[in-house]
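The values are calculated or read from the model by the stated rules, or taken from the named source; none is laboratory data. Fair warning: this is a prediction, and the values are worked out from it, not measured in the lab. Positions of Cβ are generated from backbone atoms using ideal geometry, with glycine treated the same way; all protein chains shown enter the neighbour counts. Side chains are part of the model used for accessible areas, which takes the heavy atoms of the whole protein and leaves out ligands, DNA and RNA. Shrake-Rupley method; radii C 1.70, N 1.55, O 1.52, S 1.80 Å.
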Amino acid sequence: MAETLSDRYNSADVEGRIYQWWESSGFFKAHDRSTKPPFCIILPPPNVTGFLHMGHALDHTIQDLLIRWKRMNGYNALWLPGTDHAGIATQTVVEKELKKQGTNRHQLGRDAFIEKVWDWKHQYGDRIYAQMRRLGDSCDWDRAVFTLDENVSKAVRKVFVSLHKKGWIYKGLRLVNWSAPLESAISDLEVEHKQTKGTLWHINYPLEDGSGFLTIATTRPETMLGDTAVCVNPEDPRYKHLIGMGVTVPLINRKVTIIADTYVDKEFGSGVVKITPAHDFNDFRIGKTHGLEFINILNRNGTLNENAGAYQGMKVADARKKVVEDLKSLNLLVKEEPHALSVGHCSRTDAVVEPFLSEQWFVKTEHLAVPAKRVVESGTIRFEPESWTKVYLHWMNNIEDWCISRQLWWGHRIPAWTCGKCEHVTVSETDPAACEKCGDTNLKQDDDVLDTWFSSALWPFSTMGWPEETETQKTFYPTNYLVTAPDIIFFWVARMIMMGLEFKRDVPFRTVYLHGIVRDSQGRKMSKSLGNSLDPVELIEKYGADALRFSLIAHLYSGKDIKVSEQRIEGYRNFMNKIWNATRFALQNLSDFTAPSEGVKALPDKANMSSFDRWIIFKLAEVEKAVEEALESDRFSDAAQALYHFVWGQFCDWYIEFMKPIMNGDNAAERRTSQLVLAQVLNRVVRLMHPFCPFITEEIHSKLPIKGEACIVDQFPNTRNDKDFLAFGNEQSAFEVDLVKETITAIRNIRGENRLSPALKIRIRLGVTEDSVQKILGTNKSALMTMGRLEDIEIGVEGDLRKCAVALVTVKESTVKVIIPLEGLVDFDEEIKRMRKTIEKLEKDIGLLTNKLSNEKFVQNADEEVVAADRLLLSQSKVQLTSMREALTRFQ
């Protein structure tokens, strides 16, 4: 006996209750020991400070889809969650709180400040987990890991010590991205480049022999205070005779040499560049190559230091103004001109990032990179889309050493202790009691912490208990998928591959699935300044998690950015309502249906099956095959679209309608058979849809007459496990019903085009030349009459087409001409006027579109989707124009 559904689907009533039941029932749990094949995804850990944003929503929906699909396919599926301590982000949040209280971390001291951060983490750290539950994330929550958990800290220290022993971690003086407000080095990912209206200053540097000047252009004139050379191209005939001579750096009066390097573009500007090795990344490399002096002119707080002479103590912006004024007064400023440039800003403080020479800890990457390249070249690790393989390999071939130290307090403190007596540095997994060299106990630990990406690089195995040998690692390492965005291939993906191969002797994952970023409907990046950001939690509250999830997956094309709008999400909310209402009808008609003991394996009585039953089963087989193939090849949107078109366009719109006469008819045997088919197809629809929209499907599943323990652990239907039921589908029946369906659609379209009331019963003719087609239409005359709302139908006779609306239906090789006499139903004079206007507009539109698509520049530069949409519109407009002209001829 089937249960009933409420009149409307209310996601707010369902989602919290269903999720709590899933979690308390243990459906998300994976097992370290199991006879099932393992499948594992490690969640890219969101920042502990974070809120769920649209990028997370997309990322998590893909992962949850994979996990639910594999779980339903009988895998021991583990989705392992965790959060990142997010050194800079978290420290910044807590420092802002302290500022409100009139204090700061330096007044508190390191230990007290760290305690404050832990207090904040305990209070707010699980906030994002609650939001992930709202989305439907089916993680094994008992395994959740935090990057500062004791075991992760143990793993971090072991890796640091191991690499240090090999000489692959070292301390050195190098140029780094420096955030002055943080007084810390930051990674490239924390540098946001902004287009800025700057100035290009042209400055004369006097030649040492007094014979003239070299003119140099710069956007950062204050850095000249740290210049230790000027450089020309060795092949530049203008300056060949000057190579090796000296020039004087203005204001600071430092004598420097003119050097030659092919790095200089002789066609750009004057062909002479100033070299400031301590404050420019390109100059740093030239400084190393030519053995130049490195003069740092900045303090840690961003003010100029003693090397800046008279400008000491000034902030960079103030020093820049003063330097320009002083150059003017000395008549050494040739000119200044507006210059657009990209300036790096700290993502946490919005301060301009300065290249800064400082002593930092580094990982030597050359040895780690070799095996990390090999596993991608051999296909052991696969990138999807494949185009990212070249990008990864190019970066790995040009990899530089990795700066891993940060001048922060929150994070994994570097396990290195300097001896107060002999200055030897002891690097140890445990806190040493004495110096390993001289035995003195006066030790001071390094103040710096490790880059957050260092602990993240160990994530695939540190989350599983490494460095201990655990059953979790034996079962689930290497993991199957990493799902992430391409912007962290180098910061995270490459480093996980390097560390996995070094410490586990195996890759951390088999497939790296890279998705695009979520943009607004106009293709713009979402940002607070544009006011176009969408909050996934608000969208869930408004439309339900399933609508949000389906809208993201349905338009997820390999590697491309995804456009999202509220209107689209609302459209998929309507899809959820469609499924709900179709289920309500089904359950009402299954109220007297007794579920067979064989359950989902029960098969229909072939002798009493209608052609509509055979048709829907045939279509079900097609969609099961399409979904399986799409999911197996990471074409998630193809799977979603196939389901959407089957569920809405075939099951809800047609099969449910075809069932009504049978359910209300007198043939009891046919009705019982159709009830079984309806129950079985609905069961499969719900299971197929579950990984995409889990909440509504679980709620519906609980009401079905034929069901398993829970949809989340029910078997995912495919053409192998469902072959006995799918065998009842029939290609000939599918053809026959498609012919009837398309004929009814044509009748309805003619009604709409000619504004005939749906309540008006009309007479039609069906022009048919094939006997077999005539027989099919005759057999299904009742369905045509009912669903086409017809008074009479003549099959086989085309007759006079004047004053008639005509539509041609083609299914496979067979055609039907749908003819509706309009005499007495429409005002022909008005219709002719309307048609002429429409033809005129279509001709104009076709002309504009043809010209547009003939423009090579437009086709090359426009968005692919825009070009494809225009081509489709042109094709449709041409078909419509031909149809309109033919109709006008008949009406005149």
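At each listed q (0.10, 0.12, 0.15, 0.24 Å⁻¹), what is the log10 of I(q)/I(0) that the Debye formula gives for the range 56-153 modelled as equal alpha-carbon point scatterers?
Cα-only, vacuum Debye calculation for the range 56-153: -0.39, -0.53, -0.72, -1.26.
For Thr199, which sequence-distant residues (separation of 5 or more, or a different chain) have an amide H within less than 5 Å of its own amide H, given hydrogens modelled in the peptide plane?
Result for Thr199 returns His339.
Rule-of-thumb check for the range 446-598: C-alpha Rg over 2.2 N^0.38 Å?
Numbers: Rg = 22.4 Å, N = 153, 2.2 N^0.38 = 14.9 Å.
The range 446-598 yields a ratio of 1.50.
In the range 784-873, what GluC sites (Glu not before Pro) fall in a loop by DSSP, with at most 14 other Cβ atoms inside 10 Å?
Filter output for the range 784-873: Glu813, Glu823.
Step through the residues of the range 160-170 one at a time and calculate ³J(HN,Hα) from phi using the Karplus curve (6.51 cos²θ - 1.76 cosθ + 1.60, θ = phi - 60°), rounding each to whole Hz and writing x for Gly and Pro.
4, 5, 4, 5, 5, 4, 6, x, 9, 10, 9
Enumerate the amide H contacts of Val518 below 5 Å, restricted to partners 5 or more residues apart or on another chain; note that Pro and chain-start residues carry no placed amide H.
Amide H neighbours of Val518: Ile562.
Could you tell me which of the pairs Lys390/Lys625; Lys781/Lys812; Lys703/Lys741; Lys775/Lys878; Lys707/Lys741; Lys660/Lys741 are separated by over 23 angstrom between their Cα atoms in the structure shown?
Checking Cα-Cα distances, Lys390/Lys625; Lys703/Lys741; Lys775/Lys878; Lys707/Lys741 exceed 23 Å.
Quote the accessible area belonging to Thr289 in square angstrom, nearest 10, computed with a 1.4 Å probe and with ligands, DNA and RNA left uncounted.
110 Å²
What's the Cα-based Rg to Rh of the chain, Rh via Kirkwood? Please list the in-between numbers first.
Values: Rg = 35.4 Å, Rh = 32.9 Å.
In the chain, Rg relative to Rh is 1.08.
Hey, what do the phi angles of the range 444-458 turn into as Karplus ³J(HN,Hα) couplings, whole Hz, using 6.51/-1.76/1.60 and θ = phi - 60°, x for Gly and Pro?
10, 6, 3, 6, 6, 10, 7, 3, 3, 5, 5, 5, 5, 5, 9
In whole percent, what relative contact order does the chain give with Cα contacts below 8 Å and a gap of six or more residues?
Result for the chain is 13 percent.
Please give me, ordered by residue number, the GluC sites (Glu not before Pro) of the range 191-231 that lie in loop per DSSP and have at most 15 other Cβ atoms within 10 Å.
Counting only loop positions with at most 15 other Cβ atoms within 10 Å, the GluC sites (Glu not before Pro) in the range 191-231 are Glu208.
With θ set to phi - 60°, apply the Karplus curve 6.51 cos²θ - 1.76 cosθ + 1.60 along the range 659-666 and write out the HN-Hα couplings as whole Hz, x wherever there is a Gly or Pro.
Running phi through 6.51 cos²θ - 1.76 cosθ + 1.60 with θ = phi - 60° gives 6, 4, x, 5, 5, 9, x, 9 Hz.
List the extent of the Cα atoms of the range 641-733 along each of their three principal axes, largest first, rounded to whole Å.
Here the Cα extents, ordered largest to smallest, are 38, 28, 25 Å.
Bins of 5 Å, beginning at zero and ending with the bin holding the largest distance: percent of Cα pairs per bin for the range 837-886, please.
That works out to 4, 22, 29, 20, 13, 8, 4, 0, in percent per bin.
Within the range 323-364, which trypsin sites (Lys or Arg not before Pro) sit in a loop by DSSP and count at most 12 neighbouring Cβ atoms inside 10 Å?
none
Compute the distribution of all C-alpha to C-alpha distances in the range 281-368, in bins of 5 Å from 0, and list the percent of pairs in each, rounded to whole numbers.
Reading upward from the zero bin: 3, 10, 13, 18, 21, 20, 8, 4, 2, 1, 0.
Cut-off under 27 Å on the C-alpha distance; same-chain residues fewer than 8 positions from Lys121 excluded. Which lysines are left, in chain and number order?
Once the sequence-local lysines are set aside, what remains near Lys121 is Lys29, Lys96, Lys99, Lys100, Lys154, Lys158, Lys528.
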